[in-house]
1. I'd like to check which helices (runs of 4 or more DSSP H) are fully inside the range 39-146 and have at least 1 residues that are open to solvent by less than 40 Å² (accessible area, probe 1.4 Å), touching an Asp or Glu at 6+ places or on another chain (Cβ under 6 Å) and of a type outside the set (A, V, I, L, M).
2. Which ones in the range 214-226 are surrounded by 20 or more Cβ atoms within 10 Å (Cβ to Cβ) and touching a residue at least 60 places away in the same chain (Cβ under 8 Å)?
3. Being more than 16 Å from the ligand (Cβ to nearest atom) and either closer than 30 Å to HIS214 by Cβ or outside any helix (DSSP H, G or I) (or both) is the filter here; which residues of the range 266-290 pass it?
4. Which of the residues that make up the range 159-213 are open to solvent by less than 80 Å² (accessible area, probe 1.4 Å), part of a strand (DSSP E or B) and not hydroxyl-bearing (Ser, Thr, Tyr)?
5. So which residues in the range 220-260 are over 17 Å from the mean Cα position of the chain (by Cα), more than 16 Å from the ligand (Cβ to nearest atom) and part of a loop (DSSP other than H, G, I, E, B), if there are any at all?
6. With within 16 Å of the ligand (Cβ to nearest atom), at pLDDT 95 or above and not charged (D, E, K, R) as the only criterion, which of LEU71, LEU60, LEU85, LEU135 stands out?
7. Return yes or no: is THR263 farther than 18 Å from LEU203 by Cβ and either within 16 Å of the ligand (Cβ to nearest atom) or of a type in the set (D, E, K, R) (or both)?
8. Which of the numbered conditions does LYS100 fail, given that it passes all the others? Conditions: (1) under 27 Å from ASP246 (Cβ atoms); (2) in contact (Cβ under 8 Å) with a residue 40 or more places away in the chain.
Amino acid sequence: MTIVYSPGYGIDIGPHVFPTQKYRLVRECFADQPTVDPEPATWDQLALVHTHEYLDKLRLGAMTAEDVRQLELPWSAEMVEAFRLMVGGTITAAESALRKPHSAIHIGGGLHHAFPNHGEGFCPFNDVAVAARVLQQRGVERIAIVDLDVHHGNGTAFIFESDPRVFTFSMHQQHNYPMWKPRGTLDVGLADGTHDARYLEALERALPRVLAHHPQCVFYLAGADPYEDDQLGGLKLTKEGLRRRDRMVIDAARDANLPLVITLAGGYARRLEDTVAIHSATIEEALSRA
Ligand SMILES: [Zn+2]
């Protein structure tokens, strides 16, 4: 199984709830595994999803105060390059998953709040959307996105709203950021405090609907933030529940013989080691079921 990672993801964004060091810490949990170093996504690839006006703002540092407030990340050339590299990581993982053995892990990505014309919620670019567009250019047209971050995949839903080839499934905490949730193909908004059993039941009901789309490739955003001790989430999943969630998605793709591209997405546990452990469990499950 291919694992994609770059040390370039660990940028300094000052004191921030988003722990960019998590990528390195997760990678260190699999020190004996080789990883593939991605190339940055090209600006042309980014333009498959994002507007030229927005890309120019990021490239030239011409963000307004409102842009920065919405993105919730300080602008720097280093920040833009790190996320361009991270989009490249998801593209690399997707290309790898389409070759056998049909599954790839990106220790990064899942930037589902980025829209064509602006970034939001720590997401300057929408890596999964860009990778999906790259695959479509290569003839892999029918794609499913399984987004299990605690937050709704607003940017992704918006980007593919009028593309019936892409099935966007988001299961999230209903009463949480983002306030405006553009309609995806399948949205499951969960009540505050939802526990493992109810969550896993809902996932079990939803996955057959995703597969009924007959995707040629599945992207999985394995957010660690549905965890009970997450600072930005209000669900009550345990670590074991999250592991079972991962197993369900991985098994569903494997049983359908579908390429699966795993990205990490969010994770803001009070204790950083919990976020790292949850992401690492996702990778363990993928490796053990390969
Ligand atoms: Zn999130």
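The values are calculated or read from the model by the stated rules, or taken from the named source; none is laboratory data. This structure is a prediction, so every number in the text was calculated from the model and none was measured. No Cβ is skipped: glycine too gets one built from the backbone with ideal geometry, and neighbour counts run over all protein chains shown. Protein only, heavy atoms only, side chains kept; ligands, DNA and RNA dropped before computing areas. Shrake-Rupley method; radii C 1.70, N 1.55, O 1.52, S 1.80 Å.
1. Here the list reads 77-98.
2. Residues satisfying the conditions are PRO215, CYS217, VAL218, PHE219, TYR220, LEU221, ALA222, GLY223, ASP225, PRO226.
3. Answer for the range 266-290, where residues must be more than 16 Å from the ligand (Cβ to nearest atom) and either closer than 30 Å to HIS214 by Cβ or outside any helix (DSSP H, G or I) (or both): ARG271, ALA281, ILE283, GLU284, GLU285, ALA286, LEU287, SER288, ARG289, ALA290.
4. VAL166, PHE167, PHE169, MET171, HIS172, GLN173, LEU186, ASP187, VAL188, GLY189, LEU190, listed by residue number.
5. Answer for the range 220-260, where residues must be over 17 Å from the mean Cα position of the chain (by Cα), more than 16 Å from the ligand (Cβ to nearest atom) and part of a loop (DSSP other than H, G, I, E, B): THR238, ALA256, ASN257, LEU258.
6. Criteria check complete, one pass: LEU71.
7. Values: farther than 18 Å from LEU203 by Cβ: no; either within 16 Å of the ligand (Cβ to nearest atom) or of a type in the set (D, E, K, R) (or both): yes.
When the stated conditions are applied, THR263 does not pass them.
8. The single condition LYS100 does not satisfy is (2).
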